[in-house]
1. At 37 °C and 0.692 mPa s, what whole-number value in µm²/s does Stokes-Einstein give for the translational diffusion of the range 255-308, with Rh from the Kirkwood sum over Cα pairs?
2. Take each uninterrupted DSSP H stretch in the chain, measure its Cα extent along the helix axis, and return the ones at 18 Å or beyond whose mean Kyte-Doolittle hydropathy is at least -0.5.
3. Excluding same-chain pairs closer than 8 in sequence, count the lysine pairs in the chain whose Cα atoms lie under 30 Å apart.
4. Taking only C-alpha pairs under 8 Å that are 6+ residues apart, what is the relative contact order of the chain in percent?
5. Under 13 Å from the Cβ of Ile13, count the other residues' Cβ atoms, weight Lys and Arg +1, Asp and Glu -1, and hand me the total.
6. Please compute the volume of the convex hull spanned by the alpha-carbon atoms of the range 134-227 and report it per residue in Å³.
7. What number in nm² do you get for the range 2-307 if you take the convex hull of its Cα atoms and divide its surface by four?
8. Among DSSP beta bridges lying fully in the chain, give the percent that are antiparallel, nearest 5.
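Readers should treat all values here as calculations from the given coordinates under stated rules, not as data from a laboratory. Keep in mind the model is a prediction, meaning the values are calculated, not measured. Don't worry about glycine lacking a Cβ; one is built from the backbone with ideal geometry, like all the others, and counts go over all protein chains shown.
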Amino acid sequence: MILCCGEALIDMIPTPTDGGRDGFVPHSGGAVFNTAIALGRLGVQTGMLTGLSRDMFGQQLVEDLKASQVDTAHVITSDRPTTLAFVKLTDGHASYSFFDENSAGRMLLPADMPLLPEDITALYFGGISLVCEPCATAYEDLLAREGASRAVMLDPNIRPGFIEDINRFRARLDKMMALADIVKVSDEDLNWIVPGPMPLPEKVAVVQAKGPSVVVMTQGSKGATGFLAGGVEVYSPALPVKIVDTVGAGDTFNAGLLARFSELGVLQKAALRNLPVDMLANALSFGAGVAAVTVSRAGANPPWAREL
């Protein structure tokens, strides 16, 4: 099982009303939640570890996880509120206003994190859950405790507006990248992680030096490039589709990558250290295809395997 560890929240998506002004419709979301949903729909055995509220939004999130075949045995429930993210769409691209104070997901503590059974063979981390305290420390500790024998993928998905203590966040990110086998970054993430005037491949090399076996850089419509040890690069173009919005695009790409690695039998630490170029190319192409479906329709609505 792949266990997705991180935030689940409600995206409030602007929608026209009969009165002429936009209203907001609650859609289940969150970077890690979206990846879990996409994996479940692709037929991969998937679980979610997160903090969820017992309120109506938390119930919606649980129902949607189960509807997409995601195991909820590791969900930690409380009476705290659900995180809300109000979305503004400009030419199909999303920006967010978050309401996360004292939420069920944010207030997870290291002591809340369970011991994981052996049937969990891979861990996925990312999103705002790596920034907001105290849950960020809880997920960092979970990786340190449980990641040594499991394949680990990390997507920082950096949102600078959330980062209150840059030095503390950079230190956490360095520790987690050192324990990860796969690190996925957008070009914007990469420029934040390695600031300054340097070509992107050189910045990737800085990330590689921190420890991961595979680094994947996405560049939106320009496609994605995978990097292996020894300077090996593999490029995969994005598929040309009519974009409705980009909500959940990167999260779905991550799911496609993990799903194909799992299907190929290489979602293991030793296998990822010696990953064949053709398998990386295969996974990148599949991730791009899955993401293309998501951006062609409204909201984070990843495809089912049958739709591919």
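1. Once the numbers are plugged in, D ends up at 277 µm²/s.
2. Span-like helices in the chain: 166-179, 249-264, 277-295.
3. Final tally of qualifying lysine pairs is 23.
4. Contact order relative to length: 17 percent.
5. Neighbour charge sum, excluding Ile13 itself: -1.
6. Dividing the Cα hull volume of the range 134-227 by its residues yields 102 Å³.
7. The Cα convex hull of the range 2-307, projected and averaged over all directions, gives 15.3 nm².
8. That works out to approximately 45 percent antiparallel.
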